[in-house]
Amino acid sequence: MIGNDCMWIFGDGNQTMSCNSVTNTYLNPGCYDVTLIVTSPDGCVGTNTLTNYICVHPDPVADFTWTPQQPTILNSEVQFTDLSTGASTYNWDIAGLATATSANPIFNFMNQDTGQYQVCLTVTSINGCVHDTCKLITLFDEFLIYVPNAFTPDGDGVNDIFLPSVVGIDPLRYEFMIFNRWGELIFETSHKQIGWDGTHKGMTVKEDVYVWKIKLKEALTGKERTYTGHVTLLK
């Protein structure tokens, strides 16, 4: 086309002047008409339009949610719900524990430890475009508390420590206190693994009934709770 002027109109608002090979980047999905206008040195004009010549397919978007949002070791079955757009096929990787190809799989985290599990969904569109997303699911302990009503700190290695059992709490929000009958604080700790050995200021206290108090925060619900009771120290 030596001596001619060539204009390409790409249908997306872009155009260029060239009688050689041309390129155009389409930023939005859809089908576009492409027009070539050629003007000869004599001013003659020729036009050719190819209707819907270029079709740009949208990328799929992977997304999902799950129920219950806070599964526990006792309520461990999770229903995944696909929220993707433009997806034709599905590939799930459930924390390396299982895979699935259905849109809305179910998985039971039974016998798994508490903690976070990464679940990934990869979707493919009918045109072969791929997108993936990963989310963390937290498996919680059920909240449980058990407090003995007596202990015998006599050094025989049996029931020597007064230690409440608490599960499913925020370890940073735990207080355990012991008071004597006059309300004097004689023991406290913020570690749930540490119990009272029946001493105060390095001396073994007398056989008596003592008041305990526990302040804690549930990990699952975030609720602040306070418990009080009595424990008998026997020798």
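Which strands (runs of 3 or more DSSP E) does the stretch 96-144 wholly contain that include 1 or more residues that are over 12 Å from Pro71 (Cβ atoms)?
Details: elements: 98-100, 106-108, 115-124, 130-139.
Hits in the stretch 96-144: 98-100, 115-124, 130-139.
May I ask you to list the residues in the stretch 145-158 that are part of a loop (DSSP other than H, G, I, E, B) and either modelled with pLDDT under 95 or open to solvent by less than 50 Å² (accessible area, probe 1.4 Å) (or both)? It would help to see each step written out before you state the result.
Step one: of the stretch 145-158, the residues part of a loop (DSSP other than H, G, I, E, B) are 147-149, 152-158.
Within the stretch 145-158, Val147, Pro148, Thr152, Pro153, Asp154, Gly155, Asp156, Gly157, Val158 meet the criteria.
Please indicate, with yes or no, whether at least one residue in the stretch 162-173 is open to solvent by 30 Å² or more (accessible area, probe 1.4 Å) and in a loop (DSSP other than H, G, I, E, B).
If we filter the stretch 162-173 for residues that are open to solvent by 30 Å² or more (accessible area, probe 1.4 Å), which is where we start, we get 163, 165, 167, 170-173.
From the residues that got through so far, the ones that are in a loop (DSSP other than H, G, I, E, B) too are 163.
Checking the stretch 162-173: at least one residue is open to solvent by 30 Å² or more (accessible area, probe 1.4 Å) and in a loop (DSSP other than H, G, I, E, B).
Hey, can you tell me all the residues within the stretch 190-235 that are β-branched (Val, Ile, Thr), open to solvent by 30 Å² or more (accessible area, probe 1.4 Å), in a strand (DSSP E or B) and at pLDDT 95 or above? So that I can check it myself, show each step before the final result.
Within the stretch 190-235, the first condition is being β-branched (Val, Ile, Thr), and the residues that meet it are 194, 199, 204-205, 209, 211, 214, 221, 226, 228, 231-232.
With open to solvent by 30 Å² or more (accessible area, probe 1.4 Å) added as a condition, the list becomes 194, 199, 204, 209, 211, 221, 226, 228, 232.
Filter once more, keeping what is in a strand (DSSP E or B): 199, 204, 209, 211, 226, 228, 232.
Within the stretch 190-235, Thr199, Val209, Val211, Thr226, Thr228, Thr232 qualify.
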- Item | Residue selected from the stretch 99-144 under the condition at positive phi and open to solvent by less than 60 Å² (accessible area, probe 1.4 Å), by the criterion farthest from the chain's Cα centre (by Cα) | Gly128
- Collect the residues in the stretch 1-51 that are β-branched (Val, Ile, Thr), farther than 28 Å from Val130 by Cα, open to solvent by 60 Å² or more (accessible area, probe 1.4 Å) and not in a loop (DSSP other than H, G, I, E, B), keeping them in residue-number order. Val45, Thr47, Thr49
- Task: Search the stretch 52-85 for residues being open to solvent by 80 Å² or more (accessible area, probe 1.4 Å) and within 15 Å of the chain's Cα centre (by Cα), and hand back the single one that is nearest to Asn108 (Cα to Cα).
- Result: Thr67
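The values are calculated or read from the model by the stated rules, or taken from the named source; none is laboratory data. Because the structure is predicted, anything quoted here is derived from the model rather than measured. Positions of Cβ are generated from backbone atoms using ideal geometry, with glycine treated the same way; all protein chains shown enter the neighbour counts. Surface accessibility is based on the protein's heavy atoms, side chains included, excluding ligands, DNA and RNA. Shrake-Rupley method; radii C 1.70, N 1.55, O 1.52, S 1.80 Å.
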